[in-house]
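The structure under discussion appears below in the form of structure tokens.
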Amino acid sequence: MTDAGVSLTRERVSGHREAPARRRRLFPYLIIMPGLAYYALFTIYPIVSQFRISFYDWNIVPGVVSPFVGLSQYAQVLGDAVVLVALRNTALYTVVTVPAQIVLGLGVASLLNGRLPGRAIWRTLIFIPVITSWVVVSYVFADLFNSQAGLVNSVLAGLFGPNFTVDWLQNTWTGMLVIWILAVWKGIGWSMILFLAALESITPGVVDAARVDGAHGLRLWRHIILPEIQPTMTFVLVMLIIGAVQAFIPVYLMTQGGPDNSTQLLLTYTYQQAFSFFDFGYAAALASVLAVALFWVSIGQYRILRARNAA
Amino acid sequence: MSGADAILRPTRAYRPARTARTVARLLPVVLFALVSLFPLAYMVSLSFQPLGNILTVSAEIVPRHPTLANYTGAWQSNDFAQYFANSALVGVGTVIGTLVLSSLTAYGFARYEFRGREPLFYALLASLAVPSVVLILPQYLLMKDLHLVDSLLGLILLYISTNLPFSIFLLRGFFEGIPTELEDAMRVDGVSELGILWRLILPLAAPALGAVAIFTFNGAWDEFPLAFTMINTPGNRTLPIAIALFQQAHTTAWGPLFAASVIATVPTVIVFVVAQRWFQEGISVGAIQ
């Protein structure tokens, strides 16, 4: 990524080493080969065989014939109303949780930047949710928002009376709200730690000089701080979007996509097609559409990233 | 902040104003820390409460009659110690495999010119966006062909693969930030390319290797859908499956579930607290620089 590294490399490889030219040319391939071959076997090959499965009414029982059905399962994807709901929910999950994590993560990072009593302790505590298990925290939040004995409803009932409790996970929008709250709670520490590193690496004096020139508050942020941390911002944004689209465990464990499929995400719906309803061919078609779409979206993202970094 | 910053600061605010500003920054930070901790503290609290408390509205934040029954219950149910050992084995195996493969590949991408380097690298990165959940079915079938379905080794092999793209990305970024002068000197002294990687690059890249280790360990320790689908033999279960089964088998035994959750959370927190001093540098330098 840095051009300096590349040119140094070139100079060195053509330099004093006495190794035969052919060995020199082959060495880079030899050293990247184990990792790439491994990845090809355990990830790329399954992606390809997924495509193959998507053209069959796949039967997992050995010896039973799986009839070839062509593109019909892709047509089924296009006509599936739940796919649209799942697409909406995944999009909403992304649009709600990604900006929230960025704003709150950057906010805490800016508060933690500089001298503050107990700084290392606060930073560690705020990061702890990131390293907790999704399975564990999904159950904790399911219990906090439990309709009968949950702490949230206990507090609501105590404050406003027993009629003010909510069946959080049994309704579409309150269920999604709980899932979003969990996602933001668990993610703030991750963006915080990256933003903190970026803020700390701003050359000392740049911000002070701007202050002397009269830049304060929002203007200071817009014209000085945000441009300085822009590479981190782009990276955090890309990683959070990738993570949001991959959300699975909270919905699978907390609402199971219900009520009536209304909180399904793309991944929970795809997973259930395969492993709850054993419709493997259809699940493979869904998965293939997703894989292709996300691969190209992320190629596009990296193009933008690279263009920005080059500029 | 650094000394240079203090010198460049044009005027020093009065002490009382500075104290007020520190408090104004400290308060929201403490609030954030409390919100971050609260659900976990609640989990710990529930894990020490008798079942009656958990199922009724009378659950106490600080249990009046703390009990270890949930812990003994969780530990004795099925083979919890075995699941714990399984998760540890899978976590450590995944970390070792990922570190070996990704540092070799990242070194190749960082230090050598070769045809197709950038397209290959970006294709690898883009594949990071393909969710691992959608690959469970074909990976299951592959593991069946390799006779590794329902085994911990099968899980380790797949987890390593899942972790490769991001680890290679992070390590390549970090390696490229290491100056090449020392390498050139070692090369003149006749040290082999792999020797340079092993004796120079890897020790200097400790922060990035630490970050990769934390990520991959947590990922493997935490992974649920693939393990849940691939593992049938009770003796091969990992912790997330064991925890989820408290909900299904016993119509949610919340007490043991949270006791098990606490047991499962402790190692990841320890790993992080021990390794965190490398963590921030490793991820920020490797990913952004």
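Things worth noting here:
- Within the range A:57-104, being among the hydroxyl-bearing types (Ser, Thr, Tyr) and farther than 10 Å from A:Ala285 by Cβ holds for A:Ser66, A:Thr90, A:Tyr93, A:Thr94, A:Thr97.
- Qualifying residue in the range A:300-308 (condition: charged (D, E, K, R), modelled with pLDDT under 95 and closer than 22 Å to A:Val64 by Cβ): no
- Test: B:Thr233 is more than 10 Å from chain A (Cβ to nearest Cβ), modelled with pLDDT of 90 or more and over 30 Å from B:Pro50 (Cα atoms): yes
- Test result for A:Ala291, under 20 Å from the mean Cα position of the chain (by Cα) and over 24 Å from A:Thr172 (Cα atoms): yes
- Test: residue in the range A:65-77 that is in a loop (DSSP other than H, G, I, E, B) and within 14 Å of chain B (Cβ to nearest Cβ): yes
- The range A:138-162 - residue that is within 8 Å of another protein chain (Cβ to nearest Cβ) and touching a residue at least 60 places away in the same chain (Cβ under 8 Å) and, of those, surrounded by the fewest Cβ atoms within 10 Å (Cβ to Cβ): A:Tyr139
- Subset of the range A:165-193 that is in contact with a helix residue (DSSP H, G or I) (Cβ under 8 Å, 6 or more places away or on another chain), free of Cβ contacts under 8 Å to residues at least 60 places away in the same chain and among the hydrophobic types (A, V, I, L, M, F, W, C) - its residue that is nearest to the other protein chains (Cβ to nearest Cβ): A:Trp185
- For the range A:92-132, the set of residues classified as surrounded by fewer than 22 Cβ atoms within 10 Å (Cβ to Cβ), small (Gly, Ala, Ser) and either within 7 Å of chain B (Cβ to nearest Cβ) or under 13 Å from B:Arg25 (Cβ atoms) (or both) consists of A:Gly107, A:Ser110, A:Gly114, A:Gly118, listed by residue number.
- Residue list for the range A:235-255, restricted to those being within 11 Å of chain B (Cβ to nearest Cβ) and polar (S, T, N, Q): A:Gln246
- Total residues in the range A:31-74 satisfying the condition of being without any contact (Cβ under 8 Å) to a residue 60 or more places away in the chain and more than 27 Å from B:Leu128 (Cα to Cα): the figure is 9.
- Residue within the range B:213-228 that is touching an Asp or Glu at 6+ places or on another chain (Cβ under 7 Å) and closer than 30 Å to B:Ser45 by Cα present: no
- Some residue of the range B:230-242 being under 16 Å from B:Trp75 (Cα atoms) and surrounded by fewer than 19 Cβ atoms within 10 Å (Cβ to Cβ): yes
- The range B:124-156 - residue that is in a helix (DSSP H, G or I) and surrounded by fewer than 17 Cβ atoms within 10 Å (Cβ to Cβ) and, of those, nearest to the chain's Cα centre (by Cα): B:Leu153
Here is a yes/no grid of residues against (1) touching a residue at least 40 places away in the same chain (Cβ under 8 Å); (2) closer than 21 Å to B:Phe217 by Cα:
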{"residue": "B:Arg115", "(1), (2)": "no, no"}
{"residue": "B:Tyr122", "(1), (2)": "no, no"}
{"residue": "B:Leu137", "(1), (2)": "no, no"}
{"residue": "B:Leu142", "(1), (2)": "no, no"}
{"residue": "B:Asp150", "(1), (2)": "yes, yes"}
{"residue": "B:Leu158", "(1), (2)": "yes, yes"}
{"residue": "B:Ser161", "(1), (2)": "no, yes"}
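- The lone exception for A:Leu253 - which of (1) touching a residue at least 24 places away in the same chain (Cβ under 8 Å); (2) surrounded by 24 or more Cβ atoms within 10 Å (Cβ to Cβ); (3) of a type in the set (A, V, I, L, M, F, W, C) it fails: (2)
- Test: B:Ile168 is at the interface with chain A (Cβ under 9 Å from one of its Cβ atoms), within 20 Å of B:Thr216 (Cβ to Cβ), out of contact with any Cys (no Cβ under 9 Å at 6 or more places or on another chain) and β-branched (Val, Ile, Thr): yes
- Within the range B:248-272, being in a helix (DSSP H, G or I), more than 7 Å from chain A (Cβ to nearest Cβ) and surrounded by fewer than 22 Cβ atoms within 10 Å (Cβ to Cβ) holds for B:Gln248, B:Ala249, B:Val262, B:Ile263, B:Val266, B:Pro267, B:Ile270, B:Val271.
- Some residue of the range B:96-109 being surrounded by fewer than 23 Cβ atoms within 10 Å (Cβ to Cβ), more than 7 Å from chain A (Cβ to nearest Cβ) and without any contact (Cβ under 8 Å) to a residue 40 or more places away in the chain: yes
- Total residues in the range A:83-137 satisfying the condition of being in a loop (DSSP other than H, G, I, E, B), in contact (Cβ under 8 Å) with a residue 24 or more places away in the chain and closer than 30 Å to A:Thr203 by Cβ: the figure is 1.
- Lone qualifier among B:Asn232, B:Asn218 - being in contact (Cβ under 8 Å) with a residue 12 or more places away in the chain and not in a helix (DSSP H, G or I): B:Asn232
The values are calculated or read from the model by the stated rules, or taken from the named source; none is laboratory data. Bear in mind that the values here come from a model prediction, so they are computed numbers and not experimental data. With ideal geometry, Cβ positions are generated from the backbone for all residues, glycine too; neighbour counts draw on all protein chains shown.
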